[in-house]
Amino acid sequence: MTARAGQLAALAAELSKGAAQLESQLIELVCELTAIDAPSGSGAETMGPASAAFARILGRFSRSAELLPTPRGDLIEFKVGPAGDTHVLVLGHYDTVWPAGTAAERPAKVVGDSLYGPGTYDMRGGIAAAFSALSLLGEARLPIPVRFLLTPDEETGSACSRERIVELGRAAQCALVLEPPLPAGGIKTSRSGWTVYELTVSGVSAHAGLEPERGVSAIDELCDTIVELRGVADADVGTTINVGVISGGTLPNLVAAQATAQVDVRTRSTAEDARVLDALASLRPRRKGAGLKVKQLHSRPAMERSPATALAYQHIQRLARALGQPLGEGHAGGTSDANLIAPLGLPVIDGLGPDGAGAHARDERILISSLVERTALLALLLAYPPGRAHSAVA
Ligand SMILES: [Zn+2]
């Protein structure tokens, strides 16, 4: 065993033991965080008490909390560790899909190894593990600065957080994302992309019986456009296109002057993101007098398993092995804020939250044993962050 491997083994043993001793505090912390309602998309006024409560509770781990207001609630940032020109970005979100009042209606409860409660799995458990990992390792042992960013609007598309996420991602050596893992605890090294487009077609109205030839049907134009769009999908490479919403016209006896559709596009690569975007941008109306506008309503690009992320996974697997934790990896069909930073080229590891089940469901829960394990793993990751420090672990 080399000196470095010996150091890693010793630290892994210390952190495993320390995390196990923290079990009851970890449970208490998740319960405290689960008691805070933070309905995504509800606005800054409703989210204000949530960000204040998070900053107060997590302020026990670092006094560096800073609240940056947005129309959807505050961004909460913590800056810890030594000075430096790059950092580890630990990314999470404190909003949930649950309406106000849910926390009181269904408070967290422990049943065997499971800790139930709204937001435990997505993602208060991950937040509790990350901040406990910081205190377990100790700020003095961080080799490079760590920036924690907790956002208020991940569940509703991150419109108000996106800019800050990308800004901190651009300067980061690696990003550790606290979303729930794959079933059985595997981390997410790639994610599908998700973009929503709105097509708006304009036509010319006319009486459908008296002089239909004077009209230009926006509905007919939209239907033809959708048929053309179908040809853009490519299931072989994972690109699917779903027209999920459609509307138009006013009365059966009128040639429709307007029609709209909302289109959901899923992709597996940035090349496909670009191809679909090009195809949509080049759509043209085929009827004289018809108009067509394409607007992007929401976009999270595909997160590919880049060479940097693959290397980071190998590194994390080595750390997990030192802790005696098996750790798989895989692809996730859903998106997260990890998708926003993956195209920047840094290693992005998602799904670092504890194992559990029931995301966005009433039986949402995490496994307490996994909460403890993830705390140790995150602490070791903060000590040996992926990226520049790969070589530090022999
Ligand atoms: Zn989430």
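Where a number appears in this text, it was derived from the coordinates with a stated rule and is not lab data. Keep in mind that this is a model prediction, so the values were computed, not measured. Glycine also receives a Cβ, built like all others from the backbone with ideal geometry; neighbour counts cover every protein chain displayed.
Brief remarks on what is shown
- For region 244-321: rounded, prolate or oblate by the Cα gyration tensor [a/c cutoff 1.5]: prolate
- Mean ellipticity per residue at 222 nm, deg cm²/dmol - from DSSP H runs of n ≥ 4 across the chain, formula -39500 (n - 2.57): -10500 deg cm²/dmol
- Among beta bridges from DSSP that stay inside the chain, the antiparallel ones total about 75%.
- Spin-label pair Thr250-Leu297: with each label point 7 Å from Cα along the Cα-Cβ axis, the two points sit 2.3 nm from one another.
- Arg230-Arg106 FRET efficiency (beta carbon distance; Förster radius 41 Å; 0.05 resolution): 0.45
- Taking other residues whose beta carbon is less than 13 angstrom from the beta carbon of Ser64, and scoring Lys, Arg as +1 and Asp, Glu as -1, yields +1.
- As a calculated quantity, the FRET efficiency between Ala140 and Ala310 at R0 = 25 Å, using C-beta atoms, amounts to about 0.20.
- Packing around the peptides 152-160, 265-273, taken as the average count of other Cβ atoms within 10 Å per residue, puts them in this order, highest first: 152-160, 265-273.
- Cubic angstrom per residue, convex hull over Cα atoms of region 193-299: 83
- The fraction of all Cα pairs in the chain landing in successive 20 Å bins from 0 to the largest distance is 27, 49, 19, 5, 0, given as whole percents.
- Other residues whose C-beta falls under 15 angstrom from the C-beta of Phe78 contribute a net charge of +2, scoring Lys and Arg +1 and Asp and Glu -1.
- With the highest mean first, a sort of the peptides 208-217, 172-181, 124-133 on other beta-carbon atoms found within 10 angstrom per residue produces 124-133, 172-181, 208-217.
- Gyration tensor verdict on region 257-376 (Cα atoms; rounded if a/c is under 1.5, prolate if a/b is larger than b/c, oblate otherwise): oblate
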